[in-house]
Amino acid sequence: MTTPHTIAVLGLGRMGGAIATRLAAQDWDVVGWTRSGRTSSTVKMTGDPNEAVAQADLVLLALFDGPACQQVLDDVRDSLRTDTIVLNTSTIAPAEASRLARQLGPSYVHAPLLGSVPAAAAGTLQILAAADQNALDRVRPVLETLGTVRRADDASTAAALKLIANNSLAGAVLALRDSLRQADALGLPRTQTLDILELGQLGGLVARKRHFLLDEPTAAMAEFTIGALAKDMALLAAASDTPLRSATGLADTPATPEADIAVAATVPAVNDAVFEPLRAYIRGHATGDPTHFRDAFLPTAHIEGIRDGAFVSWPLDEYCTLFQGQPAPDAPARTRRIDTIDVHGTVATATMTLSHGADTFTDIFLLIRADDSWRIANKAYHRHS
């Protein structure tokens, strides 16, 4: 077993730069290269990745995605020595990790990282390593310079586990977004809200990202960007073939992809205009006046569901005949709640829960924005007795 002496770090973005700096500070011989041409004051640089690879015992990839990894490896393949280990720390899809492992064989180590720039700088990353035992033994001293090594069964498993870990982070960011939106709706001061949230389950995230959450001027660079996390969630959704709300929630964030993930938590609630047809719909049920339903729905709308065991599809006019202009006898005891609303440009979806006596209805709406106003295009419902 020969421990690598010279390490080529290909990719000097946020994480790659922090990794290269950490390794150089711990007396490893590091040479860096980046596709963007970005320079580094802490490690030796070269403008030619083949030059970096030719002198390296270990090639460490810290690239944005799977296609970037494949392209760079294709470019330097002829410069790889037979005894060179390729250590890939990039976050890529499980299928992409498997493909690279097949192409490179026992000289490939797939080792995605849990943690961001501060953890890389401090050497406290959690590293999910999948490799042939000999290759892992050779690179272990390098990995342990960066953090704690956790063995994974294979490259695909390591890649999948990294995506699952990032999904929990995306969920926390979106949970924080929900909390801040609710606090804004209640008129609570942002600083006081963050003080309280810092005491709970989101406390660590709030403490680390507080200056972003308060939109304070800062010279701090994003540790993990919205674009990178959105990419990871899209990879997870595609790999699992399972709907993933965070993939859409992050991708639709109206902020630059280079912004820190905390900025995704500060996005205000959707424009109030999209709620108007839903509120008109609620007024229709509260009063029994069909005029409110005509305000809420497009004239072409249909209302569909199962009634008395049979499928019904009412045009709006027929639906309106069900209401006689009077509130239900138990109207004061009935409740209606908008549960979710997701806006995607000129279309939106919404769900609502209606508790009407012994029955509870789940209504699902498709809304359209036309002529600068929102209307309900269609509604489907489920009745729970």
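Structure notes:
- Three-way shape label, region 56-194, alpha-carbon gyration tensor, a/c 1.5: prolate
- Among the listed values (i) 30; (ii) 41; (iii) 33, the one matching percent of Cα pairs over 36 Å apart as calculated from this structure is (ii).
- Within the shell defined by Cβ-Cβ distances under 15 Å, the residues around PRO268 carry a net charge of -3, with Lys and Arg each +1 and Asp and Glu each -1.
- Normalised size of region 323-385, defined as Cα radius of gyration per 2.2 N^0.38 Å with N residues, equals 1.30.
- Calculated [θ] (222 nm, deg cm²/dmol) that DSSP helices of n ≥ 4 give over the chain, each run adding -39,500 (n - 2.57): -12000 deg cm²/dmol
- About its Cα centre, the chain has a charge dipole of approximately 400 debye under the convention of +1 per Lys or Arg Cβ and -1 per Asp or Glu Cβ, with nothing else charged.
- Three semi-axes of the equivalent ellipsoid, region 216-283, Cα gyration tensor, whole Å, largest first: 28, 21, 7
- Across ASP29, ASP74, ASP342, mean-square fluctuation computed from a Gaussian network of the chain (C-alpha pairs under 10 Å connected) peaks at ASP74.
- Cα shape, region 48-105, gyration tensor, a/c 1.5 rule: prolate
- Accessible-area value, SER373, 1.4 Å probe, nucleic acids and ligands omitted, Å²: 50 Å²
- Taking 10 °C and 1.306 mPa s as conditions, region 252-384 diffuses translationally at an estimated 99 µm²/s according to Stokes-Einstein applied to its Kirkwood radius (Cα pairs).
- Largest-first ordering by accessible area, 1.4 Å probe, given options TYR319, TYR381: TYR381, TYR319
- Largest GNM mean-square fluctuation across GLY309, GLY200, GLY249, computed for the chain with C-alpha springs under 10 Å, falls on GLY309.
- Hull volume per residue, based on the alpha-carbon atoms of region 15-120 and their convex hull, is 101 Å³.
- Prolate/oblate/rounded label for region 173-287 (Cα gyration tensor, a/c 1.5): oblate
The values are calculated or read from the model by the stated rules, or taken from the named source; none is laboratory data. Given the structure is predicted, the values throughout are model-derived calculations rather than measurements. For neighbour counting, all protein chains shown are included, and Cβ atoms are generated from backbone atoms with ideal geometry for every residue, glycine included. The area values use the complete protein model at the heavy-atom level, side chains included, leaving out ligands, DNA and RNA. Shrake-Rupley method; radii C 1.70, N 1.55, O 1.52, S 1.80 Å.
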